[in-house]
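Okay, structure first, notes after.
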Amino acid sequence: MRTILALATVSLGLLLAAAPLRAHHSFSATYDGNKPITLRGTIVKMGWQNPHAHLYVDVKNADGKVVTWEVESAGPTTLMKQGLRKEDFVGAEVIIKGFLAKDGTPTVNASSFTLVEAKKEFVSDEKTP
Amino acid sequence: MQRVTIALGVALALGAQTVAFAQGRPDFTGTWRISQAKSSRSVVGNTPDIQFPSQLEVKQTASDISVIATSVRQRPLSATYKLDGSKVDVQAPEGITETGQAVLNGSSLVITSRRSFSSPAGDVVVDFKEVWTANGNELTVEKTRTQVGDTPSTQKAVYDKTS
């Protein structure tokens with residue numbers, strides 16, 4: 001009985017650990033460091049999860065078409081340490097500096113983003129603002 | 001006698017010019033590997049602000065400088081710049097076009113380049129300026145990235161000479 005309980009505990013632990021591990025990928029596997037990009041748009045949704053917070057931002061192209069971008073940023077803890085609160089987000093105008101995804105989708109890894117009205121910059125690596 | 005004096009004068013002048021040229025001209029030839037300890041964290045971490053190659057193989061002659069840049073999980077990219085500042089095409093990954101020009105400025109090498117590619121937001125044009133300064137077995141590269149409508153950002157990486 002003890003063995004079964006121990007096995008069940010280990011299995012549950014592995015299952016719980018698997019989800020964040022799967023989400024925590026290396027930059028170079030997903031994003032193209034040769035394609036830096038700066039975007040300006042409006043935040044329409046916020047994914048406040050670990051290990052990376054995700055912003056969803058409406059960006060208007062030169063032709064007027066609006067594209068919703070998924071922006072991977074630092075984790076919520078890192079952002080909160082820099083003064084960001086969940087309620088700061090939706091509807092705010094933002095400037096994002098980052099790198100395009102390799103798969104050609106409107107996805108970007110943000111090295112930093114700036115809330116325009118608040119004039120506050122948030123960086124993914126908090127030691128190098 | 002007068003001819004000998006003139007010949008000697010010309011030879012001395014040419015020799016002096018050659019020495020001055022050799023002394024004043026920086027040489028970046030060598031294989032340089034990025035130092036994580038000496039570079040700022042945002043150029044080597046998981047969320048780079050500006051990406052730098054992990055290794056640079058440089059060959060410099062009197063008229064040009066060729067650079068093979070190796071980055072993580074990418075095939076090496078090579079470029080040969082004329083040191084007179086004329087514009088050249090630079091090898092870039094698929095889907096990217098890049099031109100660049102290089103010029104020696106005192107003890108530094110200045111490389112400016114323009115990169116273009118398409119994105120879901122439309123065509124993107126990004127300008128880069130790199131200032132290279134070598135000090136013994138250490139190479140410092142200061143790189144500035146500018147995109148139209150954006151404020152420039154600058155990062156510094158330090159490379160150690162391995163050969």
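Laid out as a table, the results:
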{"quantity": "Residues within region A:43-60 that are of a type in the set (Val, Ile, Thr) and either assigned to a helix (DSSP H, G or I) or more than 11 Å from every other protein chain (Cβ to nearest Cβ) (or both), tallied", "calculated": "2"}
{"quantity": "Members of region A:73-95 that are in contact (Cβ under 8 Å) with a residue 40 or more places away in the chain and either open to solvent by less than 40 Å² (accessible area, probe 1.4 Å) or in contact with a Gly (Cβ under 7 Å, 6 or more places away or on another chain) (or both)", "calculated": "A:73, A:74, A:78, A:79, A:82, A:89, A:92, A:94"}
{"quantity": "Considering residues of region B:141-155 that are away from every other protein chain (no Cβ under 11 Å) and open to solvent by 40 Å² or more (accessible area, probe 1.4 Å) only, the residue modelled with the highest pLDDT", "calculated": "B:142"}
{"quantity": "Residue, farthest from residue A:41 (Cα to Cα), within region B:118-130, restricted to residues that are surrounded by fewer than 17 Cβ atoms within 10 Å (Cβ to Cβ) and touching a residue at least 12 places away in the same chain (Cβ under 8 Å)", "calculated": "B:129"}
{"quantity": "Considering residues of region B:26-53 that are part of a loop (DSSP other than H, G, I, E, B) and under 14 Å from the mean Cα position of the chain (by Cα) only, the residue surrounded by the fewest Cβ atoms within 10 Å (Cβ to Cβ)", "calculated": "B:27"}
{"quantity": "Qualifying positions in region B:42-71 - of a type in the set (A, V, I, L, M, F, W, C) and closer than 19 Å to residue B:156 by Cβ", "calculated": "B:43, B:44, B:50, B:52, B:56, B:58, B:67, B:69"}
{"quantity": "Answer residue from region B:54-91, given it is assigned to a loop (DSSP other than H, G, I, E, B) and within 14 Å of chain A (Cβ to nearest Cβ) and is farthest from residue A:75 (Cα to Cα) among those", "calculated": "B:91"}
{"quantity": "Number of the condition not met by residue A:98 [criteria: (1) touching an Asp or Glu at 6+ places or on another chain (Cβ under 7 Å); (2) open to solvent by less than 20 Å² (accessible area, probe 1.4 Å); (3) in contact (Cβ under 8 Å) with a residue 60 or more places away in the chain]", "calculated": "(1)"}
{"quantity": "Among the residues listed as B:98, B:94, B:130, the single one being part of a loop (DSSP other than H, G, I, E, B) and of a type in the set (D, E, K, R)", "calculated": "B:94"}
{"quantity": "Qualifying residue in region B:96-117 (condition: loosely packed, with under 14 Cβ neighbours inside 10 Å and within 10 Å of another protein chain (Cβ to nearest Cβ))", "calculated": "no"}
{"quantity": "Single unsatisfied condition, residue A:121 versus (1) outside any strand (DSSP E or B); (2) in contact with a Pro (Cβ under 8 Å, 6 or more places away or on another chain); (3) over 20 Å from residue A:31 (Cα atoms)", "calculated": "(1)"}
{"quantity": "Residue in region A:105-124 that is in contact with a strand residue (DSSP E or B) (Cβ under 7 Å, 6 or more places away or on another chain) and of a type in the set (Asp, Glu) present", "calculated": "yes"}
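The values are calculated or read from the model by the stated rules, or taken from the named source; none is laboratory data. Note that the structure is predicted; figures quoted are calculated from it, not measured. Note: ideal-geometry Cβ built from the backbone for every residue, glycine included; neighbour counts use all protein chains shown. In case anyone asks, the SASA skips ligands and DNA or RNA and just uses the protein heavy atoms, side chains included. Shrake-Rupley method; radii C 1.70, N 1.55, O 1.52, S 1.80 Å.
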